[in-house]
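Visitor: Here's a structure for you.
The values are calculated or read from the model by the stated rules, or taken from the named source; none is laboratory data. The model shown is predicted, which means the values in this text are computed figures rather than measured ones. Because the Cβ atoms are built from the backbone with ideal geometry, glycine has one as well, and the counts that use them run over all protein chains shown. Surface accessibility is based on the protein's heavy atoms, side chains included, excluding ligands, DNA and RNA. Shrake-Rupley method; radii C 1.70, N 1.55, O 1.52, S 1.80 Å.
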Amino acid sequence: MQMILNNSQKLTQVLSAKLLQHLEILQFSTNELEQYIYEKANENPLLSVIDAKVKGNYEEIMKLAKCSINTFSSHWNRSGKEQYNIIEKTLAEKVSYEQFLIEQIPMQNNLSEVDLKILNFLIQSLDDRLFLDTDLEFVCKKYNTSIVHVEAILNLLQTFEPVGVGARSYTEYLLIQIDHDPYAPKMAAEFIIADLKLVATQAIKKLSKKYKMPLQEVQHTVNYIKNLNPMITGDKVEAIPYIIPDLTVKNVEGEWTIKLNRHYLPSVTIDETYVKLLKNDANNETYYRDSLKDALALMEGIEQRDKTLYDLARLLVQIQEDFFAKGMDTIKPMRLKDVSEVLDVHESTVSRAIRGKYIQTPHGIYALQSLFTKGLTNASGKMDSIMYIKKRIKELIEEEDKKKPLSDQQMTNVLSKEGIQISRRTVAKYREEMKIVSSANRTFG
């Protein structure tokens, strides 16, 4: 037997434990990062953590505790967690979801007085699941307006956080989630609207035959739908955590300013007392070195997370300036790939950076993920966002002759003249997603 040895070079990237920790920290939401910091502080004696509530409300706590700084310090354990319920109770901020949703009402979106009244009424008509618990016909009569008008306001409410607010059914709840996800499979909405039972029973072959799709693509779409957030019902209703924006973008004297909301997180430092204690003990040399390395990795990871979020926000302001100035109606199509290339980072890094993160804008709080939208290429070669196309369809319907409503094909022709290349089927799909009936059912007089 003849043995032949071949030498070859292969370039591989091995992620260090430090880099893996940085990536893990990057994908944490504010609440998750806070919990992670406390867990690390409990494991590592070199970490000193000061609770965000203490950091921001020191004088109030001192007044409540009615004690000296030394006495007050004894009321806290190493992790910085508070021991007295009375202080914890006083500092806890309980914001109802009704108030939270009202705070998201766009202030620069040219909403009329009637629009605001309808929007507030819809918010007050949400049940414990944040599903809409009122009939739109009743709202029409109450405010003496059209069903299209009320639908438009409801669609605005359904862009609010948390995702799914304002849904009227389980199906619509799923569709809203898909609408918020720029990377949803293209047939996911169609499967939900027409064949949710087949999806539930995982009838892959039937779906493949009906839609003439490869089995693998059907399986991927079904798996995606089954992984959407389930509807919470009955006594299983759980409190949804209050959303803390990670970034705030404001217009100050004509200039956009970006602020990282770090004050919601506890501060992390190295405890010099424990450093001296362990450093001078030869028996703990390895333990001290490992603890210091881990502590520094945590602090560097938090700093890197802040830098990545700031760089991302700065780029978003450049790309989506119209959105920050005027609202969601003017958002441009944007992909993870586009942003990752400009920032010179991997696409997965951008994906981690936007996961569970929120941004405060002049007209409401939005999930960073919702700013990444799909689009269609127009005649000029540029992309029109699906949200913009839906807005134009809604405008055409609102302006149509009520005695001769526009058919889907007629709207397709109008959009085509405006440079928006779209099929009649897609127009019908978007119309149905906005819960607008066909032209045959919109005939009046």
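Visitor: Tell me, yes or no, whether segment 394-412 has at least one residue that is at pLDDT below 80 and of a type in the set (Asp, Glu).
Guide: For segment 394-412, residues at pLDDT below 80 and of a type in the set (Asp, Glu): absent.
Visitor: Return the residue satisfying two criteria in turn: it lies in segment 109-150 and is in contact with a Leu (Cβ under 7 Å, 6 or more places away or on another chain) and touching a residue at least 24 places away in the same chain (Cβ under 8 Å), and of such residues it is nearest to Glu399 (Cα to Cα).
Guide: Val150
Visitor: I need the helices (runs of 4 or more DSSP H) fully contained in segment 289-355, keeping only those with at least 3 residues that are under 19 Å from Glu34 (Cα atoms) and either within 18 Å of the chain's Cα centre (by Cα) or without any contact (Cβ under 8 Å) to a residue 24 or more places away in the chain (or both).
Guide: Passing ranges, in order: 347-354.
Visitor: Can I ask one more? Right, Glu161: of a type in the set (Asp, Glu), under 26 Å from Phe324 (Cβ atoms) and either without any contact (Cβ under 8 Å) to a residue 40 or more places away in the chain or surrounded by fewer than 16 Cβ atoms within 10 Å (Cβ to Cβ) (or both) or not?
Guide: Answer is no for this residue.
Visitor: Is segment 155-174 home to any residue that is in a helix (DSSP H, G or I), modelled with pLDDT under 85, over 18 Å from the mean Cα position of the chain (by Cα) and not acidic (Asp, Glu)?
Guide: Scanning segment 155-174, I find at least one residue that is in a helix (DSSP H, G or I), modelled with pLDDT under 85, over 18 Å from the mean Cα position of the chain (by Cα) and not acidic (Asp, Glu), so the answer is yes.
Visitor: Looking at segment 201-220, I want the residues that are closer than 15 Å to Lys186 by Cβ and have a partner that is small (Gly, Ala, Ser) and in a helix (DSSP H, G or I) with Cβ atoms under 6 Å, at least 6 apart or on another chain. Which pairs are those?
Guide: Note: pairs meeting the criteria are Val218/Ser208.
Visitor: Specify the residue that is farthest from Leu156 (Cα to Cα); the eligible residues are those in segment 330-372 that are open to solvent by less than 60 Å² (accessible area, probe 1.4 Å) and charged (D, E, K, R).
Guide: Per the stated criteria, the residue is Asp338.
Visitor: Let me ask something additional. Of the residues Met387, Met434, which is touching a residue at least 40 places away in the same chain (Cβ under 8 Å), open to solvent by 40 Å² or more (accessible area, probe 1.4 Å) and not charged (D, E, K, R)?
Guide: Met387
Visitor: How do the pairs read when you match residues in segment 25-38 that are within 15 Å of Ala295 (Cα to Cα) and touching a residue at least 12 places away in the same chain (Cβ under 8 Å) with residues anywhere that are among the basic types (Lys, Arg) and open to solvent by less than 50 Å² (accessible area, probe 1.4 Å), using Cβ under 9 Å and keeping only pairs 6 or more apart or on different chains?
Guide: Ile25/Arg305; Leu33/Arg305
Visitor: Can you find, within segment 394-425, the residue that is nearest to Asp179 (Cα to Cα) among those that are open to solvent by less than 40 Å² (accessible area, probe 1.4 Å), assigned to a helix (DSSP H, G or I) and in contact (Cβ under 8 Å) with a residue 40 or more places away in the chain?
Guide: If we take residues in segment 394-425 being open to solvent by less than 40 Å² (accessible area, probe 1.4 Å), assigned to a helix (DSSP H, G or I) and in contact (Cβ under 8 Å) with a residue 40 or more places away in the chain, then Lys394 is nearest to Asp179 (Cα to Cα).
Visitor: Separate question: Working only within segment 281-316, note down all residues that are surrounded by fewer than 19 Cβ atoms within 10 Å (Cβ to Cβ) and among the basic types (Lys, Arg).
Guide: Arg289, Lys293, Lys307, Arg314
Visitor: Would you mind stating whether Ile147 is open to solvent by 50 Å² or more (accessible area, probe 1.4 Å) and in contact with a helix residue (DSSP H, G or I) (Cβ under 7 Å, 6 or more places away or on another chain)?
Guide: For Ile147, the condition - open to solvent by 50 Å² or more (accessible area, probe 1.4 Å) and in contact with a helix residue (DSSP H, G or I) (Cβ under 7 Å, 6 or more places away or on another chain) - is met.
Visitor: If you go through segment 175-205, how many residues are outside any helix (DSSP H, G or I), modelled with pLDDT of 80 or more, in contact with a helix residue (DSSP H, G or I) (Cβ under 9 Å, 6 or more places away or on another chain) and surrounded by fewer than 15 Cβ atoms within 10 Å (Cβ to Cβ)?
Guide: Going through segment 175-205 one residue at a time, the tally reaches 2.
Visitor: Continuing with the same structure: Would you say Ser29 is under 19 Å from Val350 (Cα atoms), at pLDDT 50 or above, among the small types (Gly, Ala, Ser) and surrounded by 14 or more Cβ atoms within 10 Å (Cβ to Cβ)?
Guide: Criteria met by Ser29.
Visitor: Still on this structure, I have one more. Return the residues of segment 252-268 that are open to solvent by 80 Å² or more (accessible area, probe 1.4 Å) and assigned to a strand (DSSP E or B); say none if nothing qualifies.
Guide: Glu255, Lys259 - these are the residues of segment 252-268 that are open to solvent by 80 Å² or more (accessible area, probe 1.4 Å) and assigned to a strand (DSSP E or B).
Visitor: Taking the stated definitions as given, is Leu278 closer than 30 Å to Leu46 by Cβ and either assigned to a helix (DSSP H, G or I) or open to solvent by 30 Å² or more (accessible area, probe 1.4 Å) (or both)?
Guide: yes
Visitor: Report, by residue number, each residue of segment 132-141 that is open to solvent by 10 Å² or more (accessible area, probe 1.4 Å) and either in contact with a Phe, Trp or Tyr (Cβ under 7 Å, 6 or more places away or on another chain) or not in a helix (DSSP H, G or I) (or both).
Guide: Leu132, Asp133, Thr134, Asp135
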